[in-house]
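These notes are about the structure you will find just below.
The values are calculated or read from the model by the stated rules, or taken from the named source; none is laboratory data. Model, not experiment: these values are computed from the prediction. Here the Cβ positions follow ideal geometry from the backbone for every residue, glycine too, while neighbour counts run over all protein chains shown. Heads up: the accessible areas ignore ligands, DNA and RNA and are worked out on the full protein's heavy atoms, side chains in. Shrake-Rupley method; radii C 1.70, N 1.55, O 1.52, S 1.80 Å.
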Amino acid sequence: MKEGQRVKEGEVIVHILSRQTTGNLEETEAAVKKEKANLELLKRGGRPEEIEQAKEEVKKAESKLQTSSEELKRFRGLFDQKLISKEDLEKKESENAVLNSELGIAQNNLKKLQKGATEEEIKVSEAEISRLEAKANFYRDQLIASDLKSPISGIVTHLRPASKAGRLSR
């Protein structure tokens with residue numbers, strides 16, 4: 001803007017730059033991109049190497065449980081012959097129950113990787129994207145609102161150096 005310059009009604013005469021608002025907008029736009037990438041991952045499901053690893057975890061858990069179940073049968077026989085205490089049998093039963101639980105967890109992890117995300121997880125991610133996009137739009141609107149526009153058409157007659165805002169005359 002210079003003295004003597006013609007301006008039209010509604011023309012931007014001063015743009016007040018807000019570093020904080022600009023920074024917030026950039027940060028929010030980056031968060032939108034990140035959440036969109038996350039949504040794609042949720043929709044796609046597990047990577048082949050993750051699924052293979054989960055399958056190995058299931059095999060390992062099955063093997064441990066099988067070994068533990070065989071030991072538990074022996075412990076029950078020994079208990080029936082009064083060769084071990086009830087406490088030893090209960091400890092082995094407890095270990096077997098833990099291994100059975102671990103197998104269930106491994107199987108559930110594998111199913112989740114093979115199936116992909118649940119509908120609820122996808123909806124949560126989509127809602128987060130909508131929230132972030134609304135936030136980004138708010139920051140864009142704030143930046144647009146920081147533009148000072150000429151209320152009339154005219155010529156800039158005087159600029160104030162401190163504020164860089166000019167006076168208009170008809």
Selection within region 86-104 - among the hydroxyl-bearing types (S, T, Y) and under 35 Å from the mean Cα position of the chain (by Cα)
S101
Pick from region 149-164, criterion surrounded by 14 or more Cβ atoms within 10 Å (Cβ to Cβ) and under 17 Å from G10 (Cα atoms), ranking: modelled with the lowest pLDDT
V156
Can you find a residue that is more than 47 Å from the chain's Cα centre (by Cα) and surrounded by 11 or more Cβ atoms within 10 Å (Cβ to Cβ) anywhere in region 64-72?
no
Long-range neighbours under 6 Å by Cβ, at least six apart or interchain, first residue in contact (Cβ under 8 Å) with a residue 24 or more places away in the chain and small (G, A, S) within region 8-36, second open to solvent by less than 90 Å² (accessible area, probe 1.4 Å) and part of a helix (DSSP H, G or I)
A31/L132
Would a scan of region 81-104 turn up a residue that is among the basic types (K, R), farther than 30 Å from Q142 by Cα and surrounded by 14 or more Cβ atoms within 10 Å (Cβ to Cβ)?
yes
Go through the residues of region 116-123 one by one and say whether even a single one is open to solvent by less than 70 Å² (accessible area, probe 1.4 Å), assigned to a helix (DSSP H, G or I) and either out of contact with any helix residue (DSSP H, G or I) (no Cβ under 9 Å at 6 or more places or on another chain) or free of Cβ contacts under 8 Å to residues at least 40 places away in the same chain (or both).
no
Going by the structure shown, is R44 under 14 Å from N96 (Cα atoms) and open to solvent by 100 Å² or more (accessible area, probe 1.4 Å)?
no
